[in-house]
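My questions all concern the structure below.
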Amino acid sequence: MQGSLMKPVLAAAALALAASVPAFSSRADEATLGSAAASAGRYFGGALDPGAFDERPYRELAATQLTCVTPENAMKWGLVEPLRGEFDWKGADALVAFAKANGQKIRGHTLVWHSQLPLWLINGSFRPDELKDLMVAHIMEEAGRYKGAIYSWDVVNEPFTDDGQWRRSIWYDAMGPDYVAIALKAARAADPAAKLYLNDYNVETSGPKMRALYDLVASLKRAGAPVDGVGLQSHFVSGAAPKDIQSVMEEFAGLGVAVAVTELDLRIRLPADDKALATQAADYASVVRACRATPRCVGVTTWGVTDDRSWIPSFFSGYGAALPFDEAYRPKPAVAAITQAWIGPP
Ligand code: XIL
């Protein structure tokens, strides 16, 4: 990703910083994001890049602050099976080992998606019945490999477009809406203990896309399909986090499923001044408070941990500073706000 030239410099700066001022600490009397969430019976998670585990400040921060981890990319189909039948589990295995070593839950991400697929699959001109078999085999392979280790799987990611229509994808084109139930059943068979989620963005506020996901979960429940949760990705612009996110959580929870904030970030139009950081902290707190107030909301995950490895600058031009820790691994005002939102008065 961006900034690779700067990384050694930043890492060195962070190391020096860690030696002088404990920017993050494992002292028992100091709350971490994870321990604060635990006091409310929830987890606090982050998306991680196993390629950065050898960078000590990154590893330390991820190990001490988080009680749940998501592979940002390492479990996506294109990465684990770049050539047909040739698997590369290095990153995914490293993520699982890291989580085990640190007593963290794992959110598996993601089994069935339209994006980051291997070229052999996209360009393969497979028949519909072949695509169904490939999808099921992939789920059995990957969810089977990590059976028992995964707390929850994002089984299907981003099934709808913003207007609430089914998103066209090789899966939808081959099987129609049935692909979702087929995928869920395969995931349940592969790892019966994992909680099975549908995950999407722009579903955190009431609207056509949220409604489409709601109707889908309702119909899956009626049909007895194994769906356990709804993931609200929550990629927001700072200052514009939806005001009705708690009522949206409650609506989904009313269907008898869990909800989770799965990919939270609050991007700021750069440069980020003190006012922008205060606004961001307030938005982080409001999302955490919504989860805390919703009994079926199991936890909050941010899409990364520190700004130096966030996907935002390369995907949203002019934006950045989206995560709770800055590029030098220092806590931003968001950290105290999140902690307070978990442990303070409701
Ligand atoms: C993003 C990663 O952060 C990037 O590194 C990658 O290049 C593209 O995917 N919704 C999702 C995530 O479910 O998997 C995406 O992650 C961000 C949007």
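What's the center-to-center distance, using Cα atoms, between segment 29-46 and segment 282-346 in Å?
Their Cα centres are 13 Å away from one another.
Continuing with this model, one more query. Please list 3J(HN,Hα) in residue order for segment 34-46, calculated via the Karplus relation 6.51 cos²θ - 1.76 cosθ + 1.60 where θ = phi - 60°; whole Hz, with x for glycine and proline.
Once rounded to whole Hz, the list reads x, 6, 5, 5, 4, 5, 9, x, 10, 9, 10, x, x.
Still on this model: What accessible area per residue comes out for segment 3-343, rounded to a whole number of Å², with a 1.4 Å probe? Spell out each step's value before the answer.
Values: 13690 Å² over 341 residues.
Here the residues of segment 3-343 average 40 Å² of exposed surface.
Still on this structure, please answer the following. Got a sec to turn the phi values of segment 255-262 into Karplus ³J(HN,Hα) couplings, 6.51 cos²θ - 1.76 cosθ + 1.60 with θ = phi - 60°, whole Hz, x for Gly and Pro?
7, x, 10, 6, 10, 8, 8, 9
Here is a further query. Taking amide hydrogens as modeled 1.01 Å from N in the peptide plane, which residues meet the under 5 Å criterion relative to residue 108, leaving out close sequence neighbours?
Those lying under 5 Å, H to H, from residue 108 are 151, 152, 153, 154.
Give me the accessible area of residue 329, 1.4 Å probe, in Å² rounded to the nearest 10.
In the full protein context, residue 329 sits at about 10 Å².
Okay, moving on. In what sequence, largest accessible area first, do 138, 114, 235 appear using a 1.4 Å probe?
114, 235, 138
Now for a separate question. Tell me the accessible surface of residue 173 in square angstrom (1.4 angstrom probe, heavy atoms of protein chains only), to the nearest ten.
Ignoring ligands and nucleic acids, residue 173 comes out at about 90 Å².
Given charges of +1 on the Cβ of Lys and Arg and -1 on the Cβ of Asp and Glu, with all other atoms neutral, how large is the dipole of segment 56-109 about its Cα centre, in debye to the nearest 20? Don't jump to the answer; show the numbers that get you there.
Details: 8 positive and 6 negative charges, 37 e Å.
It works out to roughly 180 debye.
If 127, 188, 168 are ordered by their accessible area, calculated over protein heavy atoms with a 1.4 Å probe, which sequence runs from highest to lowest? The partial results should precede the final answer.
On the way: 127 130, 188 70, 168 170 Å².
Ranking 127, 188, 168 by accessible area, largest first, yields 168, 127, 188.
Moving to a separate point now. What is the Cα centroid distance between segment 196-246 and segment 114-174, reported in whole angstrom?
Each part's Cα centre sits 19 Å from the other's.
With the dipole of segment 3-343 worked out from charges on the C-beta (+1 for Lys and Arg, -1 for Asp and Glu) around the Cα centre, which of 96, 287, 38 lies farthest toward the positive end?
Of the candidates, 38 comes out farthest on the positive side.
Once you have the Cα-Cα distance between residue 293 and residue 163, take 0.36 nm times their residue separation minus that, and quote the gain in nm to one decimal.
Details: separation 130, 0.36 × 130 = 46.80 nm, distance 2.87 nm.
Full extension from residue 293 to residue 163 adds 43.9 nm.
Still on this structure, please answer the following. Could you give me the ³J(HN,Hα) list for segment 77-88, computed from phi with Karplus coefficients 6.51, -1.76, 1.60 and θ = phi - 60°, whole Hz, x at Gly and Pro?
4, x, 8, 8, 9, x, 10, 4, x, 10, 9, 10
Per DSSP helix of 4 or more residues, -39500 (n - 2.57); summed, then divided by the residues of the chain. What does that give at 222 nm, rounded to the nearest 500?
Values: 14 runs with 147 residues, N = 346.
Mean residue ellipticity, 222 nm, calculated: -12500 deg cm²/dmol.
Nothing charged except the Cβ atoms of Lys and Arg (+1) and of Asp and Glu (-1): what's the magnitude of the dipole of segment 226-273 about its Cα centre? Round to the nearest 20 debye. Intermediate values should be presented prior to the final figure.
Numbers: 3 positive and 7 negative charges, 39 e Å.
Using only the charged Cβ atoms, the result is roughly 180 debye.
Tell me, what is the percent relative contact order of segment 3-343, built from C-alpha pairs under 8 Å that lie six or more residues apart?
Numbers: 651 pairs, mean separation 59.5, N = 341.
Computed over segment 3-343, the figure is 17 percent.
More than 39 Å apart: what percent of Cα pairs in the chain qualify? Write down the numbers at each step before the final one.
Values: 6482 of 59685 pairs.
Distances greater than 39 Å cover 11 percent of the Cα pairs.
Right, another one. In segment 3-343, carbon and sulfur make up what percent of the accessible area (probe 1.4 Å)?
On the way: 7460 of 13690 Å².
Answer for segment 3-343: carbon and sulfur cover 54 percent of the accessible area.
Here's something else I'd like to know. Rounded to the nearest 20 debye, what is the charge dipole size of the chain about its Cα centre when +1 sits on each Lys and Arg Cβ and -1 on each Asp and Glu Cβ?
Working: 34 positive and 39 negative charges, 121 e Å.
Rounded to the nearest 20 debye, it is 580 debye.
Also, I was wondering about something else. Whose amide H sits under 5 Å from the amide H of residue 297, counting only residues 5 or more places off or on another chain, with H placed in the peptide plane?
Correct list: 259.
What spacing in nm lies between the two simple spin-label points modelled at residue 90 and residue 270, each 7 Å away from Cα in the Cβ direction?
2.9
Looking only at Cβ-Cβ distances, which cysteines of the chain have no other cysteine closer than 4.7 Å?
68
The values are calculated or read from the model by the stated rules, or taken from the named source; none is laboratory data. Because the structure is a prediction, the values reported are computed rather than measured. Here the Cβ is made from the backbone with ideal geometry for all residues, glycine too, and neighbour counts use every protein chain on show. These accessible areas exclude ligands, DNA and RNA; they are computed on the full protein's heavy atoms, side chains included. Shrake-Rupley method; radii C 1.70, N 1.55, O 1.52, S 1.80 Å.
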